[in-house]
Each structure stands twice: as structure tokens, then as C-alpha cells.
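The values are calculated or read from the model by the stated rules, or taken from the named source; none is laboratory data. Here the structure is a predicted model, which means the values were calculated and not measured. Cβ placement follows ideal geometry from the backbone for every residue including glycine, while neighbour counts extend to all protein chains displayed.
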Amino acid sequence: MAYNSNFNDVLNAAMTRMNHRYQDVPAHFWVDRTAFTHRFDNLRHMASRSISAPLSPLQAQQAIVQELAAAKNTALYLGVPWCIQTCSFCDLAYSRSPRVEEKREYIEVILKELDIYNNAGLASVPAGSLYFGGGTPSILDNDLLAAFVDGALQRSRLADNPVITLEASPATLTTSKLKLLRARVNRISLGVQSTDTALRQREGRILPREKLLERVATTLEHFDLVNTDVLYGMPGQSLESVFLTLKDLVNLDVPSITFYRNELFAGTKSYQLARQQPWATVSEYKAREMYFLGKTYLEACGYQESPLGWFVKARKTEAITSWETMIERWSTVVPYFGLGMGAFSTAASHWVQNHESLNGWMERVRSGRLPLASGSLFDHKERFMVKFMRYIRVFSRVKRAHLLAESGVTRPAVEQLLDTWVAMGLAIDDAEWLVFTEAGCSLIHWLIDDLARAFVEGAFNTDIKIAAVNI
């Protein structure tokens, strides 16, 4: 199968592949597994179930300071909360273009927040990754965007060969912005989602297909490390629409495609629509059809997947780093500090979140305090799972004896879960390792959630479903 494969050939190959991989997975496995309950962020999901007492803002700040004192390296996220228009699936951004004064004030405050972190110990810890996200930072005008990125870089102690990413909307990433960013960042991540013009209009995306692909092509002219996000499982999205989107990006030789499942969050337009009239791919099984279609096509075009949904073409670049280095770093748990309104920070010991209100966030920063609102301090079993989650997602295997030895009183539930995975064809025993099969890798977020529940809580239900998550 090659680049010019037609849709029907790819679809037939993908469905044959999927049916074979899932042949031993019983119907009850899929019960309650939907877009409503799927969560990409396993760590945050575990934190939401933690029985530990919530951290007060002061306790959260103490956890941050302690983490900084022990950290050898870190990763930073700086978020800008606005987009020109809110997409129907998004629960992260404000759909308005604020006044210039508001945007300038926001950037001043987030840089002050970085100063507070530096005073708390961040200044002495090298950052291997700096990510400008949102919303979308590309909504800022040229001068303010440059001031934002420069201000963060000047305040950050960067590790050798850092990955500096700017997340952007193709609608606001102009050629002039690309030129000024080229000297400041080394990776661009574009929110493409779909190249289907009709679907894009329904979902609140602005650019039609032709303009969108022009922006992607222009970005590729300026940067070696370019990622494009593609979303599957949206309302009204067909299998052929997914295929054509991926084909458009492959034809442009995009080096990295993050292919991820639509999740439904309360408060979004998609959530309300799905509650009233769910479409087929709200079901996890139907969503897997789109995943296998994309995976089959992208692999035929020379892309490799690691971890789930991240497809890259193995290539060295003349930029600061390589895709291989990024994958290696991704497998390592380092403290991750999120700055900006509503941003969250994670480490092996905790999960904390900033104030979600703009005024609350600004007020605390201006008073010289970290703008933390709440969080969870993990117990020893949750801390073990934090490290295990990332390892599993990248390397797709676990040491059975080690996992069981660490599980303690929940060992029966963990052992039963592992045996169930083997019986379902989701994993195989290979000497001391339990290795996930292609079927297991395709469901890795569900399996990690199930393992976290079994390992931490001893939760396992064999009669109806396998520890299905209910939010």
C-alpha cells in the first residue's frame, strides 16, 4: 500500500486488521467506554479520583517549592487563553479577541508569574522543554508575540538542546509571525483537526481547506519540526473525511501528525449535541475504526507511531533536536509547571491547578504569590503509577513481577486484570515482561486507567465490564 492508495483499499485493509486484533475482546469490554469517558490525560484523571484531601493554595505552593528543590530538570508550559472562535469540542479557550491592552496586560502578568517561579527555585533548574500553548499564542500581534516569547526565554534556564514549541492556529499564523518565530522557537504545532471544509465550518474552524493547506505548507518552509493535530470522532465526520485529511497532510510531507480521539467535556457544544443525539463514533468501538484507518494509511506512508496517536517520520534535522530525542524525553517523568490562567502543573508527587478565573489568577500573581487554586498530593501508590503511566505509553510493556510486588493489598485485582488482558489478546507474556499487543496499544489510555484503578483502589469488575471508568 502506497501514498496513492485509494480510500476503499485502505478501509478494507484497516477493517480486516481491526477485526483480527479485537477478535478475542468480548462485547462487555466496550460497555461505558465512550467519548464521554475517554480521557487522554491519565494522570489528571487519576488525580480527579484521588481520595487524598485536596491541597489548599498554600499546601500546593509548598509542594511546588519542594519539587523544585529536588528537581534536576523540568518542562514549562505558558498558556494564552484566547482563540478567535471556540471550536465545538474545546473546553480550554475563550472565543473572543480581547483588546490590545488586555492582551498586553495578560502577557505582563504571565511573565511576572514566571519571575515568581524563578524566585521559588525554578531559576536553578534547567528546562528541557518550553511550550507556548493555549488557546493559541498566535492570536497575539507580532510585537506582543515576540515580547512574550523573548520574555519567557530570557527568564528561563534552558537545558542543552531544548525543544521550544509554539502552538498555533493556521488562521492566525501569518508569514510575518513565522519569520519572527524562526529565530526564537524550533518547533511549531498546528491545530489542523480536519481539512474537510464543511466539517470545519460546523466545528467552528475558520479557514477553508485550500487556505489551510497553504498555511501548513508555508510553515513547513520555515520550520523542520512541525506537528499537525488531527482529530477523529467528531460529529458528522466520516471515515472518508478522516482519510482525505491525512492524505492532504501526507502529500505535504508533514513530518509529525498527532492523531487523537475526540473527547466530550461538559460545557462544550459537542457535549450538548452528543447528549441529545449521539453520533456513531461517540462509541469507542466505532472510534477505533477511524483510528485503524488512520494508522494503516500513515504506516503505509512511512510514519511510525510512538506513543499512541503520535505518528512521525524518523528523520534527523538541522534544528536543535530530533524526533527520536523527543520520544526519548517523553518517556521520562519530569516536573511540569503550567503558567497562565487555569494551567496545571504535574510531578511524580502531585497535580495542582491555577485559578481558572482571569481576575483570580491575576490578583494572586500581582500580590507576588503563585496563583494556585487547588490540587492533589499523591500517595506512594499513585506516585508509582505516575511513573508507570508514561513508561507504558511509550514502551508498551510492564514487568509483571515488579508491578505485582509493588501493588501490595491490591495485588489480587492487578493480577486478575493482567490475566484478563492476556485472555482478551490485549497483551502477551514474554519472559518477565507483559507486552501489549497492537490491540492493547490501540486502547492504551483505557488500559492505563483500568490499571490505575486496580493498582490504587483494588477496583475490578469481572461480571459486567473491566473497571470501566465513569466520570
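In summary, helices (runs of 4 or more DSSP H) completely within region 404-465 and bearing 3 or more residues that are without any contact (Cβ under 8 Å) to a residue 12 or more places away in the chain and assigned by TED's automatic domain parsing to the domain that holds Val386 occur at 411-423. Flag set for Ala405, criterion: farther than 29 Å from Glu289 by Cα and of a type outside the set (Val, Ile, Thr). Of the helices (runs of 4 or more DSSP H) entirely within region 1-80, those holding at least 1 residues that are within 18 Å of Ser442 (Cβ to Cβ) and not polar (S, T, N, Q) occupy 7-21. Scanning region 171-184 for residues that are crowded, with 23+ Cβ neighbours inside 10 Å and part of a loop (DSSP other than H, G, I, E, B) returns a single hit, Leu173. Yes or no: Glu318 modelled with pLDDT of 65 or more, part of a loop (DSSP other than H, G, I, E, B) and farther than 24 Å from Phe259 by Cα? Taking the combined requirement at face value, the residue does not satisfy it. Reported count of residues in region 338-397, each being in contact with a Pro (Cβ under 6 Å, 6 or more places away or on another chain) and polar (S, T, N, Q), is 2. Being at pLDDT below 90, closer than 26 Å to Thr346 by Cβ and of a type in the set (S, T, N, Q) is true of Asn470. Residues Trp330, Trp361, Trp323, Trp310: which one is over 18 Å from Ala159 (Cβ atoms) and modelled with pLDDT under 95? Selected residue: Trp310, the only one of Trp330, Trp361, Trp323, Trp310 that is over 18 Å from Ala159 (Cβ atoms) and modelled with pLDDT under 95. Total residues in region 126-150 satisfying the condition of being acidic (Asp, Glu) and in a loop (DSSP other than H, G, I, E, B): the figure is 1.
Among the residues of region 336-354 satisfying the criterion of being of a type outside the set (A, V, I, L, M, F, W, C) and either part of a strand (DSSP E or B) or more than 23 Å from Thr136 (Cα to Cα) (or both), which is farthest from the chain's Cα centre (by Cα)?
Residue satisfying both the conditions and the ranking: Ser349.
Taking the listed residues Arg39, Arg33, Arg21, Arg44, the one that is basic (Lys, Arg), closer than 17 Å to Tyr336 by Cα and surrounded by 14 or more Cβ atoms within 10 Å (Cβ to Cβ) is Arg44, with no other qualifying.
Remark: Leu166 falls outside the filter, which requires a residue to be surrounded by 23 or more Cβ atoms within 10 Å (Cβ to Cβ) and assigned to a helix (DSSP H, G or I). Residue count for region 199-224 under the criterion of being without any contact (Cβ under 8 Å) to a residue 12 or more places away in the chain and buried (at least 17 other Cβ atoms within 10 Å of the Cβ): the result is 0.
One line per residue, one yes/no per condition, for (1) hydrophobic (A, V, I, L, M, F, W, C); (2) more than 22 Å from Ile64 (Cβ to Cβ); (3) in the same structural domain as Trp82 (by TED's automatic domain parsing); (4) buried (at least 20 other Cβ atoms within 10 Å of the Cβ):
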residue: Thr136; (1), (2), (3), (4): no, yes, yes, yes
residue: Leu145; (1), (2), (3), (4): yes, yes, yes, yes
residue: Arg155; (1), (2), (3), (4): no, no, yes, no
residue: Asp160; (1), (2), (3), (4): no, yes, yes, no
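Among residues of region 70-85 that are within 20 Å of Pro162 (Cβ to Cβ), those with a Cβ under 9 angstrom from a residue that is at pLDDT below 90 and part of a helix (DSSP H, G or I), sequence gap 6+ or separate chain, pair up as Ala75/Arg329. Listed by first and then second residue, the pairs with beta-carbon distance under 9 Å, at least 6 apart or on different chains, first residue in region 186-198 and more than 16 Å from Trp310 (Cβ to Cβ), second aromatic (Phe, Trp, Tyr) and part of a strand (DSSP E or B), are Ser194/Tyr232. Among the residues of region 190-223, those identified as part of a strand (DSSP E or B) and touching a Ser or Thr at 6+ places or on another chain (Cβ under 6 Å) are Leu190, Gly191, Val192. Scanning region 201-230 for residues that are modelled with pLDDT of 95 or more and under 24 Å from Lys286 (Cα atoms) gives Thr228, Asp229, Val230. Screening Thr268 on (1) polar (S, T, N, Q); (2) over 22 Å from the mean Cα position of the chain (by Cα); (3) within 21 Å of Asp41 (Cα to Cα) shows it passes everything except condition (2).
Scan Glu108, Glu113 and give me the residue that is of a type outside the set (Val, Ile, Thr), buried (at least 23 other Cβ atoms within 10 Å of the Cβ), part of a helix (DSSP H, G or I) and at pLDDT 95 or above. Before you say what the answer is, go through the steps one by one.
On the way: Glu108 fails: buried (at least 23 other Cβ atoms within 10 Å of the Cβ).
Among Glu108, Glu113, only Glu113 is of a type outside the set (Val, Ile, Thr), buried (at least 23 other Cβ atoms within 10 Å of the Cβ), part of a helix (DSSP H, G or I) and at pLDDT 95 or above.
Restricting attention to region 356-383, the residues that are closer than 30 Å to Ser407 by Cβ and not in a loop (DSSP other than H, G, I, E, B) total 8.
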